[in-house]
1. Per residue, how much space in cubic angstrom lies within the convex hull of the C-alpha atoms of the stretch 1-104?
2. ARG28's amide H: which non-local residues (gap 5+, or another chain) put their own amide H closer than 5 Å, with H modeled 1.01 Å from N in plane and none for Pro or chain starts?
3. Taking loop as defined by DSSP and a crowding limit of 12 other beta carbons within 10 Å, which chymotrypsin sites (Phe, Trp or Tyr not before Pro) in the stretch 90-128 fit?
4. With angles folded into 0 to 90 degrees, how steeply does helix 124-135 sit against the dominant principal axis of the chain? Use alpha carbons for both and round to 10.
5. Tell me which of LEU127, TYR49, GLN109 sits at the most positive position along the dipole axis of the chain, charges placed on C-beta atoms (Lys, Arg +1; Asp, Glu -1).
6. Please give the peptides 9-16, 32-39 ranked by average Cβ packing (other Cβ atoms within 10 Å per residue), highest first, as a rough proxy for protection.
7. Compute all pairwise cysteine Cβ distances in the chain, then list the cysteines with no distance under 4.7 Å to another cysteine.
8. List, in order, the whole-Hz ³J(HN,Hα) value for each residue of the stretch 6-21 obtained from phi through the Karplus relation with A = 6.51, B = -1.76, C = 1.60 and θ = phi - 60°; use x for Gly and Pro.
Amino acid sequence: MREANCIFCRIANGEVPSKTLHEDDNFRVILDLGPATRGHALILPKEHYADLYDLPEELAGEAMKLAKKMVTKMTDRLGCEGFNLIQNNGDMAGQTVFHFHMHMIPRYQADGQKIGWKPGEPTQDELEVIKNTIVG
Ligand code: AMP
Ligand code: ZN
């Protein structure tokens, strides 16, 4: 299914032009218009899936395989020194476009970007409770 008023549906299916790095039957890879660093790219499925919850398992696997291929090629071509893969799900997690996408962000020495979090300091007991909540 594609959604007529979803910008990433329109880009992924070629109705709206983009700087395309790769296209196949299931995905288009484009340059992000508001890049964190030089070469910041997005993997977009051609079908509309809002987020990872919605994405079929098989396509999730294909997206990660494609990420590996693209990261390898982009590292070679751009001369970056590392990569962040980021994939936001839901408003609370910073998702702003509600069509699944995976960010591939090349990292360079002194690129001025900081992607991270402030580490917590849970006790072993607290970790045990969380573990049991998830797997119990
Ligand atoms: P997120 O916050 O994970 O939903 O990321 C949305 C990303 O889409 C941001 O990095 C935007 O810069 C990018 N973006 C939004 N609209 C476009 C567009 N028309 N073409 C390319 N990238 C876009
Ligand atoms: Zn869409």
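1. Working: hull volume 10.3 nm³, N = 104.
Expressed per residue, the convex hull around the Cα atoms of the stretch 1-104 is 99 Å³.
2. Amide H neighbours of ARG28, under 5 Å, 5+ apart: LEU44, LYS46.
3. Details: sites: PHE98, PHE100, TYR108, TRP117; in loops: PHE98, PHE100, TYR108, TRP117.
Of the chymotrypsin sites (Phe, Trp or Tyr not before Pro), the ones in loops of the stretch 90-128 whose Cβ has at most 12 other Cβ atoms within 10 Å are TRP117.
4. Between helix and principal axis, roughly 50 degrees.
5. GLN109
6. On the way: 9-16: 17.0, 32-39: 14.8.
Highest-to-lowest ranking by the protection proxy: 9-16, 32-39.
7. So far as the 4.7 Å Cβ criterion goes, CYS80 stand without a partner in the chain.
8. Using θ = phi - 60°, the values come out as 9, 4, 6, 4, 5, 5, 4, 9, x, 6, 10, x, 8, 7, 8, 9 Hz.
The values are calculated or read from the model by the stated rules, or taken from the named source; none is laboratory data. Keep in mind the model is a prediction, meaning the values are calculated, not measured. Note: ideal-geometry Cβ built from the backbone for every residue, glycine included; neighbour counts use all protein chains shown. We work out accessible area using only protein heavy atoms, side chains counted, and drop any ligands, DNA or RNA first. Shrake-Rupley method; radii C 1.70, N 1.55, O 1.52, S 1.80 Å.
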